[in-house]
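Have a look at the structure below, then the notes.
The values are calculated or read from the model by the stated rules, or taken from the named source; none is laboratory data. Quantities reported herein were computed from a predicted structural model and do not represent experimental measurements. Using ideal geometry, Cβ is built from the backbone for each residue, glycine included, and neighbour counts are taken over all protein chains shown. Heavy atoms of the whole protein, side chains included, go into the accessibility calculation; ligands, DNA and RNA do not. Shrake-Rupley method; radii C 1.70, N 1.55, O 1.52, S 1.80 Å.
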Amino acid sequence: MQDSKTLELALKTLAATIFLGVAGDLLLRDVPWGIGFSIYAFVILAVGAYLFRNRSLDFGYGVLWVIPPALLFASLFAWRDSNDLKLLNGTCFALLIGVFALRARSGRVNVATLIDYPCRLLERWFGFLIDFVELLGLEGHTKEFAGLNMGKRLAAGARGVLIAAPILFVFGVLFASSDAVFDHLAQRAFSVDLGDLGSHVCVTVACVWITGGFLRRIFLFSGKPPVRVDGELQGPSPAVSKAAFHLGITEITIVLSTLNALFLAFVAIQFRYLFGGSALVQRTAHLSYADYAHQGFFELVLVAFLGLAVLVAGHSVLRKDQTRDWRSFAALAFTLIALILVVMASAATRLQIYVEAYGITRERIYAMSILLWLTLVFGWFCATTLRRRSERFAPGALASLLFVAIGLNAMNPDGFIARLNASRSLARIDGEYLSSLSDDAAPQLVSALPHLSGDALAKVAASLRARRKELEGEDWRSWDMGAERALQSIQALKR
């Protein structure tokens, strides 16, 4: 009885996957993605709700809290036009889908080990490919399916198609050779653009494969809930989630102590230069203050990120059975975090100096956002991991990333860049860079036109004229609110 229910659900899931593949080709084939992606996410939700009624496994209802933010980030594709924001929103959507698949059985999305996010999320996305293969095998019930009337009819239909195809081809060639009108109609009916056909096939196959693996993982995979080992939450198998090896406090102390010494030396230099004025920097580094600020900003962001990675890795491999060892690690980690925060403050100061000299760009906004996210993550690391609540760290770090991503969408980085850079002195306005901004910046560029002159005015005006032609011919699947507002503002300018 259970086998028949599993086979029935597998067939429904496979049929739903084929439908989602066709829908994906309709909605996602045109790039860049816009409202088509938003609609597709809601179509997946509708299909999932249909299959949910036919589930045969226990479902963790706590995981349903992941659905609203996932749909929110999918909907943001219909709001902002910036490709950078769409990449960020798509990444957040993919992470939430991974969390949903990872926690579909347990339902506990607020606890995770340090390697669950992002390591197991990445593993889960690759796992969708294997899950789809299992779905194609109908969960090992292909023999039972072949014995059903439906299976017999499908097999007979497939055989009929294979037999009829060569026969129709031969007769079609003969008829086409005998009549010019029939030949012309046949060529029109069966003329195929191989490039267009290839894009249809690629998008459909990709959507079928990914959605099929996802739906199979949610509704057909029988997973085991997480368990606790040594007071910490582990995955389905403790042998998989536990560190492959452990280190004692001696090795960890050497690593963190030397890093603290290096960071302390760097921080001492930063205090001297950042508060010593531009003359000190130019005299010592032989650079302008703006060049000095630009040279080190992205390196300091990378240093902060790598520092977080070292702390997470150190916690993962540390033996935690001795209280004194744990306290030593916590003290060293807290010191390193404090020094990293000073380094991040130095990076932020460098950015401020450089913006004052050359203006703001997308790269600097997103790098500053990374600094903000890292600040939240370091604070959360202290509040959770250093207080022996490491299972709370990974979900909080992911939640802070989602928070920063939503803030960037609300900020509209390209519009902010256009507004800030266009307000600078006329001699320092980069018209070419302003013209390269996305449609999200078009209303601000239109408002700035009366204040521009010379080369900057010519370049921005030309880009707005070209942008109008592109927007008027845009496919509906790529529609988003940013492009709509851009078109309205440019059309109003023409009046």
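Return a yes/no flag: does segment 353-374 have any residue that is within 29 Å of G248 (Cβ to Cβ) and either crowded, with 20+ Cβ neighbours inside 10 Å or within 28 Å of the chain's Cα centre (by Cα) (or both). Within segment 353-374, one or more residues are within 29 Å of G248 (Cβ to Cβ) and either crowded, with 20+ Cβ neighbours inside 10 Å or within 28 Å of the chain's Cα centre (by Cα) (or both).
Yes/no matrix, rows are residues, columns are (1) under 22 Å from F381 (Cβ atoms); (2) of a type in the set (S, T, Y); (3) part of a helix (DSSP H, G or I):
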| residue | (1), (2), (3) |
| --- | --- |
| F77 | no, no, yes |
| L87 | no, no, yes |
| T91 | yes, yes, yes |
| L96 | yes, no, yes |
| F100 | no, no, yes |
| C119 | yes, no, yes |
| W125 | no, no, yes |
| F128 | no, no, yes |
| E134 | no, no, yes |
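Of the listed requirements (1) open to solvent by 50 Å² or more (accessible area, probe 1.4 Å); (2) at negative phi, S478 misses just one: (1). Among the residues of segment 106-119, just one is crowded, with 21+ Cβ neighbours inside 10 Å and of a type in the set (D, E, K, R), namely D116. Check whether at least one residue in segment 236-243 is modelled with pLDDT under 60 and among the basic types (K, R), and report yes or no. Within segment 236-243, one or more residues are modelled with pLDDT under 60 and among the basic types (K, R).
Is one or more of the residues making up segment 46-54 under 24 Å from W479 (Cβ atoms), open to solvent by 10 Å² or more (accessible area, probe 1.4 Å) and out of contact with any Ser or Thr (no Cβ under 9 Å at 6 or more places or on another chain)? Within segment 46-54, one or more residues are under 24 Å from W479 (Cβ atoms), open to solvent by 10 Å² or more (accessible area, probe 1.4 Å) and out of contact with any Ser or Thr (no Cβ under 9 Å at 6 or more places or on another chain). Just to verify a result, which residue in segment 419-465, among those that are open to solvent by less than 70 Å² (accessible area, probe 1.4 Å) and out of contact with any helix residue (DSSP H, G or I) (no Cβ under 9 Å at 6 or more places or on another chain), is nearest to L487 (Cα to Cα)? So, considering only residues that are open to solvent by less than 70 Å² (accessible area, probe 1.4 Å) and out of contact with any helix residue (DSSP H, G or I) (no Cβ under 9 Å at 6 or more places or on another chain), the one nearest to L487 (Cα to Cα) is R424.
Examine segment 13-25 for a residue that is among the β-branched types (V, I, T), surrounded by 18 or more Cβ atoms within 10 Å (Cβ to Cβ) and within 14 Å of L220 (Cα to Cα), and state whether such a residue exists. Yes, the conditions are met somewhere in segment 13-25. Filtering F214, F221, F182 for residues that are at pLDDT 60 or above, farther than 24 Å from R388 by Cβ, of a type in the set (F, W, Y) and not in a helix (DSSP H, G or I) leaves a single hit, F221.
Close contacts from segment 384-396, counting a first residue that is under 12 Å from A112 (Cβ atoms) and a second that is in a helix (DSSP H, G or I) and acidic (D, E), with Cβ to Cβ under 6 Å and a gap of 6+ residues or different chains, come to A394/D116.
Scanning segment 407-415 turns up one or more residues that are closer than 22 Å to A486 by Cβ and either more than 27 Å from the chain's Cα centre (by Cα) or open to solvent by 60 Å² or more (accessible area, probe 1.4 Å) (or both). Of the helices (runs of 4 or more DSSP H) contained entirely in segment 419-486, those carrying at least 3 residues that are modelled with pLDDT under 90, under 27 Å from S38 (Cβ atoms) and of a type outside the set (S, T, Y) fall at 454-472.
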